[in-house]
Amino acid sequence: MKLSVNSETSVLKSVIVHTPGREVSLVNPEHKDQLLFDDIIFEEDARKEHLDMLKIFKTAMPEDGAIYEITDLFLECFKQEEARAFFIKELINQLPECNLHTIEEDLLKLEAADLLQFVIEGSTPAIHGFTLQPIPNLLFTRDLAAVVGESILLSRPAKKARLREAILMQALVKFHPLFEELSKKTIRISGKESIEGGDVLVASEELVLIGMSERTSFSGLMKATEGLLENGVENVLAVDIPKQRSSMHLDTIFTFSDTNECIAFPPAITERRDNIIALSSNNGSINARSIPSLQEALQQFMERDLTFISCGGPDRTNQFREQWTDGANVFALAPGIIVGYERNTNTFRELEKYGYQLMNQYKFIEEFKDQPSDLKNKKIAISFLGNELCRGRGGARCMTMPIARAK
Ligand SMILES: NC(=[NH2+])NCCC[C@H](N)C(=O)O
């Protein structure tokens, strides 16, 4: 299957996920802030919720569609000695404060599964007396990289807690055969800059949105823009958003739900002005033009009127409450077919006003399990249980890295 993503909503063909494992059980609440969790997660329930979410995806995806568990891909990649050696070298160099050079020889002797356990959980019985923090955010695969058109933008996280994930992704793209084509167009960001996948939204083949957030620096955004413009994107919209924990990425306050509809957290999107810069290339340099609002920018560049549906509905408190629990972070399986956490009831009610049929995950699977093609031209908002997952502060879009969508 050819890997490419030219839209946020066209039919999902292939996606990378991580069903949470033991790493989430290793989060000590004393370190939760540093590990970017707002609470501790109960692994068993989180895993069940995640697997149930994948069942929704399977129901809607075409027969030749593929859901990859990222750990399976890492294991395949680490079968190659060269990939392990590259990864270990990067780990030592990019995390100098961890003193991993002291165990370099032990690391090089590890088998693929032990190496992966060490990296994800922070320790392995195969190496005695050396422990790192776990990387519990691996379940938010979205943030590791973004496939844009036929290129791949590798994230450079702003937070140390997510750096190991980025190094894993670096190795995967370089060595796994799945990425053979995409890796020819890899966009890399240097160590001093930062960008995370949750800030990158592929509005169309020509247009990409990048959040300027707590996690994506100005220089990271410019570097990514340069790479994207070189690889076929015509315009990048830099969207300035509040730099705060509760909206750490653009996709926590804005996502597309259909070709002409999106969900937005009003205070940070529709009520903001002068927060958009359109970037395009001009004979080797970058042109910047200010646009008053995201609505106007999308209308200009997508040549259609977009409907902005309010996360949380009209009530102020509900808007804030449901943004907090990822109400604005929906994931589209096809145009108009979206999934989001069940608890965001006011957001779902608002979607209903705009013609979405509301369905819980079980009803959806029951109704469409044998005929995903029936989803064409429908608008369905699918709710799924994620009260445990939600504690990690990410929703359906955060938990997915689409690598192929229909043209
Ligand atoms: N694309 C997203 N919004 N990802 C959410 C990531 C949440 C994660 N705990 C972090 O703070 O990094």
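Taken over region 306-337, residues that are within 15 Å of PRO267 (Cβ to Cβ), in a loop (DSSP other than H, G, I, E, B) and within 16 Å of the ligand (Cβ to nearest atom) amount to 3. Of all the criteria given as (1) open to solvent by 40 Å² or more (accessible area, probe 1.4 Å); (2) away from the ligand (no atom under 16 Å from the Cβ); (3) at negative phi, the one not satisfied by ASP274 is (3). Entry remark, region 199-228: residues being of a type outside the set (A, V, I, L, M, F, W, C) and assigned to a loop (DSSP other than H, G, I, E, B) number 8 in total.
Screening region 147-177 for residues that are closer than 24 Å to LEU116 by Cβ and open to solvent by 40 Å² or more (accessible area, probe 1.4 Å) and picking the one that is nearest to the ligand (Cβ to nearest atom) gives LYS159. Any residue at all in region 66-77 that is within 16 Å of the ligand (Cβ to nearest atom), modelled with pLDDT of 95 or more, open to solvent by less than 20 Å² (accessible area, probe 1.4 Å) and out of contact with any Ser or Thr (no Cβ under 9 Å at 6 or more places or on another chain)? Within region 66-77, not a single residue is within 16 Å of the ligand (Cβ to nearest atom), modelled with pLDDT of 95 or more, open to solvent by less than 20 Å² (accessible area, probe 1.4 Å) and out of contact with any Ser or Thr (no Cβ under 9 Å at 6 or more places or on another chain). Could you tell me which residue of region 124-139 is most open to solvent (accessible area, probe 1.4 Å), considering only residues that are free of Cβ contacts under 8 Å to residues at least 12 places away in the same chain and not polar (S, T, N, Q)? My answer is HIS128. Filtering region 98-107 for residues that are more than 26 Å from VAL5 (Cα to Cα), touching a residue at least 60 places away in the same chain (Cβ under 8 Å) and open to solvent by less than 10 Å² (accessible area, probe 1.4 Å) leaves an empty set. If the condition is being within 9 Å of PHE175 (Cα to Cα) and open to solvent by 60 Å² or more (accessible area, probe 1.4 Å), then region 78-93 contributes GLN80, GLU82. For region 152-167, check the following and say yes or no: at least one residue is at positive phi and in contact (Cβ under 8 Å) with a residue 12 or more places away in the chain. Taking every residue of region 152-167 in turn, none turns out to be at positive phi and in contact (Cβ under 8 Å) with a residue 12 or more places away in the chain. A search for C-beta distances below 7 Å between a residue of region 338-361 that is on the phi > 0 side of the Ramachandran plot and any residue that is surrounded by fewer than 24 Cβ atoms within 10 Å (Cβ to Cβ), counting only pairs 6+ apart in sequence or on different chains, returns GLY355/LYS379. Suppose the filter is open to solvent by 10 Å² or more (accessible area, probe 1.4 Å), over 12 Å from VAL202 (Cα atoms), away from the ligand (no atom under 16 Å from the Cβ) and in contact with a strand residue (DSSP E or B) (Cβ under 9 Å, 6 or more places away or on another chain); does ASN260 pass it? In short, yes.
Pairs linking a residue in region 219-247 that is within 17 Å of ASN275 (Cβ to Cβ) to a residue that is of a type in the set (D, E, K, R) and at pLDDT 95 or above, with Cβ atoms under 6 Å and 6 or more positions apart or on different chains, are LYS243/GLU214. Within region 178-189, if we keep just the residues that are more than 17 Å from SER14 (Cα to Cα) and touching a helix residue (DSSP H, G or I) at 6+ places or on another chain (Cβ under 7 Å), the residue that is surrounded by the fewest Cβ atoms within 10 Å (Cβ to Cβ) turns out to be THR186.
Just for region 346-385: of the residues that are in contact with a Lys or Arg (Cβ under 9 Å, 6 or more places away or on another chain) and of a type in the set (Val, Ile, Thr), which one is most open to solvent (accessible area, probe 1.4 Å)? For region 346-385, the residue satisfying everything is ILE365.
Only one of the numbered conditions (1) open to solvent by 20 Å² or more (accessible area, probe 1.4 Å); (2) in contact (Cβ under 8 Å) with a residue 24 or more places away in the chain; (3) touching a strand residue (DSSP E or B) at 6+ places or on another chain (Cβ under 6 Å) is violated by GLN117, and that is (2). Can you find, within region 223-253, the residue that is farthest from THR325 (Cα to Cα) among those that are within 16 Å of the ligand (Cβ to nearest atom) and basic (Lys, Arg)? Here the residue is LYS243. Which residue pairs have Cβ atoms under 6 Å apart, sit 6 or more places apart or on different chains, and have a first residue in region 193-205 that is within 16 Å of the ligand (Cβ to nearest atom) and of a type in the set (Ser, Thr, Tyr) and a second that is open to solvent by less than 10 Å² (accessible area, probe 1.4 Å) and not in a loop (DSSP other than H, G, I, E, B)? Going by the 6 Å Cβ cut-off, the qualifying pairs are SER194/GLY220.
The values are calculated or read from the model by the stated rules, or taken from the named source; none is laboratory data. Nothing here was measured: the structure is a model prediction, and the numbers come from that model. Please note: Cβ atoms are built from the backbone with ideal geometry, for glycine as well, and neighbour counts cover all protein chains shown. Ligands, DNA and RNA are excluded from the accessible area calculation, which covers all protein heavy atoms including side chains. Shrake-Rupley method; radii C 1.70, N 1.55, O 1.52, S 1.80 Å.
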